[in-house]
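**Student:** My questions all concern the structure below.
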Ligand code: LLP
C-alpha cells in the first residue's frame, strides 16, 4: 500500500475526477477478513451494494466469499463476477416477481414479509422447485448510527416484527415450495459500538431462534447483519477495520446449535478504505470571511457528505504541511455540494490534486449524472506498478 502522493505524476495525466482503488489494500483487507472469520467460524458474504466494480468483485469472489445482494441486478452482477449462485443471498423489502424468478437457485432469499413468502412459494411452485428462504427479522436493536442507515428498529420498513413470527412459522407448515433455512438480522451500518450493539443483536437473535425452534423449524444458519464501521477521520491509522473484534464479539455472544452456521455480510468495511475520489482544484475564491476551493468532483460523484453530512478526509497530493483553512466545494448547483468546511490543507492553487478518502463504499454506486455531469471512471493501483 503506497501513499497516494506517490501516484501524483501519473494522476496528472488523467482526466479528473476519478475513483482510484488501492488493490493491494483490498487484498490485505480480504486476507484479514478470511483470517478472522476462519478463526471464529463465520461465513462472510460481501454486501455487493457497497461497490460493484467488476475487478473488485472478482478479487472478493476469488477469495471464496459469498455475496449479499439487494436487487435482481446485484444477484446477476455477483454471479457474472464469479460468486457461485448458491453462495448468494438476496434481501430487500421489494423484490419483484421477475427478480425472484431469475434468482431461484440462490443460497437463500431473505424474506421480509408474509406476503413475499407466499409469492416466492408460488413462483417456485410454477418453476417446479423449492426455494430456500430465511426470514429477515427486525430485531428492535438500536445500532447507534445515523438515522438514515439504521435498519433494525420497528419504525424501519425492514423484516418481520414479533407479531408476525407465529403466522410466519405457520406458513412454513402449509407452503410446499419454500424451505425454511434460518434467520437474517440487520441492525444498521457504520457501527462503531461493536461490543454493545452486536451483543444485543446476538441476544435477540438467540431468543428469536428459540421461538422458531419451538415451532419445529430447524435453524441451519443465522445471518447477523450490521456493518462494522470504518475510520473516516484517520483512514491511514486504521486502513483495515477491526474484523477480529467484530467476529470475536459475534462468536462469543451467539450460542450455536450443533451444525448451525453463522453468517456476516460486510460491505463498507471491505471496500471503503481502498477507494479515493481524486479531484482537481479549479478555482480558489478568496473572501474576507473564508476561502473557497472549488474542485471538479461534485455531489453527483459521491453523495455521502450532501446526503448524510458524512465526513470524508481530504488530502492534498502535494503533501506538504497544512497552511490554510478552506471550504472545499464542488461544482454542482446545490448549496449542499460541499466536501468539507474549515479544512486545514497546504496552500491550494489551480490544478492541484486532492483526494477525498474512504470513498470505496457507497461512492461510485450511489453516483448520478445530476446536472448532466459525467460519472467518474475507475483506476486501479495495480495498473501503476511502474511509477
Ligand atoms: N446487508 C444488508 C441487508 C444491508 O442493508 C446492508 C447495508 C449491508 C448488508 C451492508 O452493510 P455495511 O457493511 O456496508 O455497513 N449508503 C449508506 C449505507 C447504507 C447501508 C444500507 N445497508 C452510506 O453511505 O453510509
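**Student:** Out of the residues in region 179-203 that are assigned to a helix (DSSP H, G or I) and within 16 Å of the ligand (Cβ to nearest atom), state the one that is surrounded by the fewest Cβ atoms within 10 Å (Cβ to Cβ). Don't jump to the end; show me each part of the working.
**Tutor:** Of region 179-203, the ones assigned to a helix (DSSP H, G or I) are 194-203.
From what's left, within 16 Å of the ligand (Cβ to nearest atom): 194, 197-198, 201.
Working: 194: 18, 197: 22, 198: 28, 201: 26.
Within region 179-203, the match that is surrounded by the fewest Cβ atoms within 10 Å (Cβ to Cβ) is 194.
**Student:** Would you mind telling me which numbered condition in (1) out of contact with any helix residue (DSSP H, G or I) (no Cβ under 7 Å at 6 or more places or on another chain); (2) in contact (Cβ under 8 Å) with a residue 12 or more places away in the chain residue 115 fails?
**Tutor:** (2) is the only condition that residue 115 fails.
**Student:** How many of the residues making up region 347-387 are more than 18 Å from residue 329 (Cβ to Cβ) and without any contact (Cβ under 8 Å) to a residue 40 or more places away in the chain?
**Tutor:** 5
**Student:** For region 108-139, name all the residues that are buried (at least 22 other Cβ atoms within 10 Å of the Cβ) and either part of a loop (DSSP other than H, G, I, E, B) or within 16 Å of the ligand (Cβ to nearest atom) (or both).
**Tutor:** Across region 108-139, the qualifying residues are 108, 109, 110, 111, 112, 133, 134, 135, 136, 137, 138, 139.
**Student:** Something else: Only one residue in 245, 263, 233, 302 is within 16 Å of the ligand (Cβ to nearest atom), in a strand (DSSP E or B) and either touching a residue at least 40 places away in the same chain (Cβ under 8 Å) or in contact with a helix residue (DSSP H, G or I) (Cβ under 9 Å, 6 or more places away or on another chain) (or both), so which one is that? If you could, list the steps in order and put the result at the bottom.
**Tutor:** Values: 245 fails: in a strand (DSSP E or B); 233 fails: in a strand (DSSP E or B); 302 fails: in a strand (DSSP E or B).
None of the other options fit; the residue is 263.
**Student:** Another question about this same structure. Could you tell me whether region 204-225 includes any residue that is more than 16 Å from the ligand (Cβ to nearest atom), at pLDDT 95 or above and over 25 Å from residue 159 (Cα atoms)?
**Tutor:** Within region 204-225, none of the residues are more than 16 Å from the ligand (Cβ to nearest atom), at pLDDT 95 or above and over 25 Å from residue 159 (Cα atoms).
**Student:** Do we have any residue at all in region 224-231 that's over 20 Å from residue 48 (Cα atoms) and either surrounded by 15 or more Cβ atoms within 10 Å (Cβ to Cβ) or under 23 Å from the mean Cα position of the chain (by Cα) (or both)?
**Tutor:** Of all residues in region 224-231, those over 20 Å from residue 48 (Cα atoms) come to 231.
Then drop every residue that is not either surrounded by 15 or more Cβ atoms within 10 Å (Cβ to Cβ) or under 23 Å from the mean Cα position of the chain (by Cα) (or both), which leaves 231.
Checking region 224-231: at least one residue is over 20 Å from residue 48 (Cα atoms) and either surrounded by 15 or more Cβ atoms within 10 Å (Cβ to Cβ) or under 23 Å from the mean Cα position of the chain (by Cα) (or both).
**Student:** Okay, next question. Kindly indicate whether residue 307 is within 12 Å of the ligand (Cβ to nearest atom) and either part of a loop (DSSP other than H, G, I, E, B) or modelled with pLDDT of 95 or more (or both).
**Tutor:** Values: within 12 Å of the ligand (Cβ to nearest atom): yes; either part of a loop (DSSP other than H, G, I, E, B) or modelled with pLDDT of 95 or more (or both): yes.
Yes: the conditions hold for residue 307.
For every residue, the table says whether it meets (1) assigned to a strand (DSSP E or B); (2) at pLDDT 95 or above.
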{"site": "312", "(1), (2)": "no, yes"}
{"site": "321", "(1), (2)": "no, no"}
{"site": "336", "(1), (2)": "no, yes"}
{"site": "343", "(1), (2)": "yes, yes"}
{"site": "355", "(1), (2)": "yes, yes"}
{"site": "359", "(1), (2)": "no, yes"}
{"site": "365", "(1), (2)": "no, yes"}
{"site": "368", "(1), (2)": "no, yes"}
{"site": "387", "(1), (2)": "no, no"}
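The values are calculated or read from the model by the stated rules, or taken from the named source; none is laboratory data. As the structure is a prediction and not an experimental result, all values here were calculated from the model. Backbone-built Cβ (ideal geometry, glycine too); neighbour counts: all protein chains shown.
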